[in-house]
Amino acid sequence: MTDTSLDHLGPVDYLVVEFPAGASNFTGEMAAELLALVDSGTIRVIDVLILTKDEDGAVDATELADVGELGELKAIEAQLAELLAEEDVEHLAAAMEPGSTAGVLIWENLWAAPFASAARRAGGQLIANGRIPIQAIIASIEADEASATVGD
Amino acid sequence: MPLRRARVGRVGVIGAPVAKTAVVARAVTPGPSPVARTAVVAAAVTPGRPGRRRRI
């Protein structure tokens, strides 16, 4: 990859969505929403793995291509970059409960790339980023409301 | 099923074992009133919400 293409790469994120044993209910809705994000140019899917952890803690990884009926996800599978390495599987699976299945998704935030490039061209550099949990916002609101009540 | 050969022996990109983010797990678990909580958060991050100003 050249410096130029790196400069135009959007931030890359990952998530691990765990499905406890017996709790999965796949209707195709997740796939449809993921495809909508790809089709709108919001994200580019870089890698997908399905992990299973048995009751003894042993982890098995399945490539998306090895999942039975991919349906519309076949288009995404054909574009995967296989970024994750074997050691990543162990690191990601550390968060899983025994007996669960998890989907791992790696994606590039295409929507952010032009802004990030513009910031770099302006001389800026990213020094921090992150995500605010909804629970933290709720806690902040509740604390505000509690202090307002005390002040009444 | 085995991983593809390209994944084996490479340096990973996830630097260390990942810890479970319990708060996020709770967020996606249907609770007693998830719709009400969503509305509260939506209101909190909506510009112009009365009575809530930046604190810094």
**Request:** Taking residue A:106 as the residue in question, decide whether it is modelled with pLDDT under 85 and either assigned to a strand (DSSP E or B) or in contact with a Lys or Arg (Cβ under 7 Å, 6 or more places away or on another chain) (or both).
**Result:** no
**Fill in**
The condition from (1) surrounded by 15 or more Cβ atoms within 10 Å (Cβ to Cβ); (2) away from every other protein chain (no Cβ under 14 Å) that residue A:82 misses is numbered (2)
**Message:** Can you say whether residue A:112 is in contact (Cβ under 8 Å) with a residue 60 or more places away in the chain, closer than 30 Å to residue A:63 by Cβ and in contact with a Gly (Cβ under 7 Å, 6 or more places away or on another chain), as far as the supplied structure shows?
**Reply:** yes
**Complete:** Within segment A:135-152, the residues that are at pLDDT below 80 and of a type outside the set (Asp, Glu) are A:135, A:148, A:149, A:150, A:151
**Message:** Name the residue that is farthest from the other protein chains (Cβ to nearest Cβ), counting only residues in segment A:109-146 that are part of a loop (DSSP other than H, G, I, E, B) and among the aliphatic types (A, V, I, L, M).
**Reply:** A:122
**Prompt:** Is one or more of the residues making up segment A:25-48 within 12 Å of another protein chain (Cβ to nearest Cβ) and among the aromatic types (Phe, Trp, Tyr)?
**Reply:** no
**Message:** With the requirement that a residue be touching a helix residue (DSSP H, G or I) at 6+ places or on another chain (Cβ under 9 Å) and of a type in the set (Phe, Trp, Tyr), what does segment A:105-144 give you?
**Reply:** A:107
**Prompt:** In segment A:46-62, which residue that is in contact with a Pro (Cβ under 9 Å, 6 or more places away or on another chain) and part of a strand (DSSP E or B) is surrounded by the most Cβ atoms within 10 Å (Cβ to Cβ)?
**Reply:** A:61
**Prompt:** How many of the residues making up segment A:11-30 are among the aromatic types (Phe, Trp, Tyr) and not in a loop (DSSP other than H, G, I, E, B)?
**Reply:** 2
**Asked** So, in segment A:85-103, of the ones that are out of contact with any Gly (no Cβ under 8 Å at 6 or more places or on another chain), in a loop (DSSP other than H, G, I, E, B) and at negative phi, which residue ends up surrounded by the fewest Cβ atoms within 10 Å (Cβ to Cβ)?
**Response** A:97
**Asked** How many residues are in contact (Cβ under 8 Å) with a residue 12 or more places away in the chain and either within 11 Å of chain B (Cβ to nearest Cβ) or under 14 Å from residue A:34 (Cβ atoms) (or both) if we restrict to segment A:87-108?
**Response** 15
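The values are calculated or read from the model by the stated rules, or taken from the named source; none is laboratory data. Note that this is a predicted model, so its numbers are computed, not measured. As a convention, Cβ positions derive from the backbone with ideal geometry for all residues, glycine included, and neighbour counts pool all protein chains shown.
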